[in-house]
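S.K.: Just dropping this structure here.
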Amino acid sequence: MTKGSPTLFRNYISFAGALIVTAAVVSILLLFLIELTQRSDNPYLGIVTYIILPAFLAFGLIVIVIGMVIERRRRRRSPDSAIPEYPKIDFNEPRQRRLAITLTTLAFIFVCASAFGSYRAYEYTESVEFCGEACHSVMKPEFVAFNATSHARIKCVDCHVGHGAQSYAQSKLSGARQLWALARGSYSRPIETPVHNMRPADQTCEQCHWPSKFHGATLKTFNHYAYDESNSLRQTRMLINVGGGDPSSGPVAGIHWHMNLGNQITFIASDKQRQVIPWIRVQDRNGNVTEYHDQRRRLSAEQIASAEKRRMDCIDCHNRPAHAYLPPDVAVDQSFSAGRLDPSLPYLKRQAVEVLNKQYSTEQEALNTIASGLDAFYRTNYNQIYSQRSDTIKSAIGETQRIFKTYFFPEMKTDWSTHPNNIGHLYSSGCFRCHDGDHVSDSGKVIRNDCNICHTVLSDSARPTTMPVTVNFQHPVDLGGLADRKCETCHKANEPFRHPLNLGDISAFQCVECHPRKQ
């Protein structure tokens, strides 16, 4: 280097790059200290600290190099400008030894900081906060509903990403596409389900749930509250025939007969949400194969050959294990059972379901309408209760608002109706997608819709005279010619029960006046 010649760094472009690098380093250190001292996680702090600012740091370094290259070319074109020579390395000179030690130390610190930052960036992008809160408006329904389920302590990546560098790279490429859709505002509302590239159940569910365990029958109590003035409780106790799918641990029977340990069930779904299943193929553990066709929508041989086929696994029934959106009827019943709603408030079930079911444009509009609607109902119709039990009414309003904020997301057009739950069959087809009595093999074998395949009713407060133990499930009232209809035809989770026929002036009658109980 010619003595006294200015370094290539002395140019405005490199100075700007140096300012960017300095600002990024100082900001990273400051935000890192904030992260160490704060008590709760902030998703945006992690994004800025470990993703955005390091990107600015790298950009600043690139700008410095670009400025030096441009400056060198400028000096070559000017005969009066001095171009510094490339340095000659000679560690015999004390100055060069000190410079080498300094540069090596700085490089070591930079490499360690980069490694730490890269690991923290990787760790952060695998966190629940990053998945659920970074894109808050888009992922809010999934994140809020996730925190309301029993899987809330499981990390999103345990199911959605998987282990290894390949899975991580694939997930980030998919995330980049989603980020582009977010920037353009072209993302789906609601988010489409099911996730068609979801990892198979043996890599997700079965990492925690023992697939070969025999569960037998499980007792479950269902509490349903009526839409009448007293919010009457109807309690049904059932044995759910969970069973098992592995002969080494118990009988291969019950619901978990479908668990694929010995049986292979393959099906074709004609819709994206896998709610319409026109063809099913069952291969038992002995290799016997039976094909069932939906007689209402039978597929041709060519359609079967060309259609996408899916082998059944856990999430075909447990399709909302970590992101469940409860129907208003179910959510209100659960709040009654948990003591968060007081059934002594007249018509609370009816009014709560009614305000939850209205169409809203925003969450804030819904919360305001819920508060004003319930308050006005009791102030107008039950003035004495309103004046004496105002705290109870306020508590009911707060709980109804909580239900809405947990399971209804108008900005993303997401609720229970957009994401049907396949466990059960009361509010969507669920089990009846296959067990409807219409799926028949060429030999005449039928996939039955016998209620006792999956559960046995032990007691029902609506029919105490026929208990204990009902051999065949009976509806609490005689449905007459409607008995062959699916439950979901009449049971609407978003509104009080409405008769499928127009009853006119007799709509206020009790069911038993037209449908006498079977003795």
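S.K.: Return the long-range amide H neighbours of Leu458 (sequence gap of 5 or more, or a different chain), with a cut-off of under 5 Å between placed amide H atoms.
M.R.: Counting only residues 5 or more places away or on other chains, the set is Arg237, Met238, Leu239.
S.K.: While we're looking at this one, here's another question. Specify the inter-centroid distance of the stretch 177-223 and the stretch 407-421, based on alpha-carbon positions, in whole Å.
M.R.: Comparing the Cα centres of the stretch 177-223 and the stretch 407-421, I get a distance of 16 Å.
S.K.: Express in nm, to one decimal, how much length is gained between Glu35 and Arg77 on full extension, taking 0.36 nm for each residue of separation and deducting their alpha carbon distance.
M.R.: Gain on stretching Glu35 to Arg77: 10.1 nm.
S.K.: Given the Cα-Cα distance of Val195 and Ala376 and 0.36 nm per residue of separation, how much length would full extension add, in nm?
M.R.: Contour length minus Cα-Cα distance gives 60.9 nm.
S.K.: Under a plain spin-label model, where a point goes 7 Å from the Cα along Cα-to-Cβ, how far apart in nm are Leu233 and Ile62?
M.R.: 6.5 nm
S.K.: Using a 10 Å cut-off around each Cβ, can you sort Lys88, Lys394 from fewest to most neighbouring Cβ atoms?
M.R.: Fewest-to-most Cβ neighbours within 10 Å comes out as Lys88, Lys394.
S.K.: Also: Using a Förster radius of 25 Å, what is the FRET efficiency between Gln283 and Glu206 based on their Cβ-Cβ separation? Nearest 0.05, please.
M.R.: Taking R0 as 25 Å, the efficiency between Gln283 and Glu206 is 0.80.
S.K.: Multiply the residue separation of Ile385 and Ala181 by 0.36 nm, subtract the distance between their alpha-carbon atoms, and state the gained length in nm to one decimal.
M.R.: Between Ile385 and Ala181, full extension yields an extra 68.3 nm.
S.K.: Give Lys140/Lys394; Lys272/Lys309; Lys155/Lys413; Lys213/Lys445; Lys309/Lys445; Lys358/Lys413 a once-over and call out the pairs whose C-alpha atoms are over 19 Å from each other.
M.R.: Beyond 19 Å: Lys140/Lys394; Lys155/Lys413; Lys213/Lys445; Lys309/Lys445.
Quick note: the coordinates plus some simple rules give every number you see, no bench work behind them. Everything numeric here is computed off the predicted structure, so don't read it as measured data. Every residue, glycine as well, gets a Cβ built from its backbone with ideal geometry; the counts of neighbours run over all protein chains shown.
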